[in-house]
């Protein structure tokens, strides 16, 4: 990354974690499960992310934007890091992270919410049903209606499933809520998976091709 920035100093780095340390997880594993439902854990994870950004800054790699969880509705990752992060947990982490970044002199780092498909994948909805959990099909819009909205600069999407026109409801949500400590977002929508992916938006994408 340092070499890439030497070639093109205008590159912007967006960081998106796939999971958290096992001690923060209710299942004690970096694979699957949720964060422990405890304000102290949400604060600890926000501090973890802040220190990550600081470490990259110290290494000469400024972080332009940050999500708090890649694919938060992928509830049952197959032997790779991942976390089921419901809206309430993501909002709680962001409410800690926003002021923490500001206090650390990193207030310019953009917090990107959601970071998953245009629409909920049927497999993710089925997993929610089998686990007895709310499916939260309107995750991004619900997040933008939460108290964490004041810290969110935009929402991130993956192109593996759904209709990109669904993002319009999130743009509307972000423009109609009140502003907070951070300037009110402009409804920015970002496509967050890696550039050059061979996957294309589809209403029939299978589980094997939904993860970035």
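The values are calculated or read from the model by the stated rules, or taken from the named source; none is laboratory data. If you're wondering where the values come from, they're calculated on a predicted model, not measured in any experiment. Neighbour counts run over all protein chains shown; Cβ positions are idealised from the backbone, glycine included.
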Report task. Filter region 50-71 down to residues that are at pLDDT 95 or above and within 12 Å of the chain's Cα centre (by Cα), then give me how many there are. Result -> 5
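Results for (1) touching a helix residue (DSSP H, G or I) at 6+ places or on another chain (Cβ under 6 Å); (2) surrounded by fewer than 24 Cβ atoms within 10 Å (Cβ to Cβ); (3) touching a residue at least 40 places away in the same chain (Cβ under 8 Å), shown as yes or no for each residue.
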{"site": "85", "(1), (2), (3)": "no, no, yes"}
{"site": "93", "(1), (2), (3)": "yes, no, yes"}
{"site": "98", "(1), (2), (3)": "yes, yes, yes"}
{"site": "104", "(1), (2), (3)": "yes, yes, yes"}
{"site": "119", "(1), (2), (3)": "yes, yes, yes"}
{"site": "133", "(1), (2), (3)": "no, yes, yes"}
{"site": "138", "(1), (2), (3)": "no, yes, no"}
{"site": "146", "(1), (2), (3)": "yes, yes, yes"}
Report task. Only residues that are surrounded by fewer than 16 Cβ atoms within 10 Å (Cβ to Cβ) and in a strand (DSSP E or B): list them for region 106-117, please. Result -> none
Query - Which listed residue is surrounded by fewer than 13 Cβ atoms within 10 Å (Cβ to Cβ), out of contact with any strand residue (DSSP E or B) (no Cβ under 6 Å at 6 or more places or on another chain) and in contact (Cβ under 8 Å) with a residue 12 or more places away in the chain, from 17, 21 - result: 21
Report summary line: Counting only residues that are surrounded by fewer than 21 Cβ atoms within 10 Å (Cβ to Cβ), touching a strand residue (DSSP E or B) at 6+ places or on another chain (Cβ under 9 Å) and more than 16 Å from residue 18 (Cα to Cα), region 55-68 contains a total of 5
**Report entry** Among residues of region 59-77, those that are under 27 Å from residue 121 (Cα atoms), without any contact (Cβ under 8 Å) to a residue 60 or more places away in the chain and not in a loop (DSSP other than H, G, I, E, B), counted
**Finding:** 1
Report summary line: The residue from 45, 80, 56 that alone is over 26 Å from residue 107 (Cα atoms) and either touching a residue at least 60 places away in the same chain (Cβ under 8 Å) or not in a strand (DSSP E or B) (or both) is 80
Requested in this report: Taking the options 132, 187, 162, name whichever one is farther than 22 Å from residue 45 by Cβ, at pLDDT 95 or above and more than 13 Å from the chain's Cα centre (by Cα).
Outcome: 132
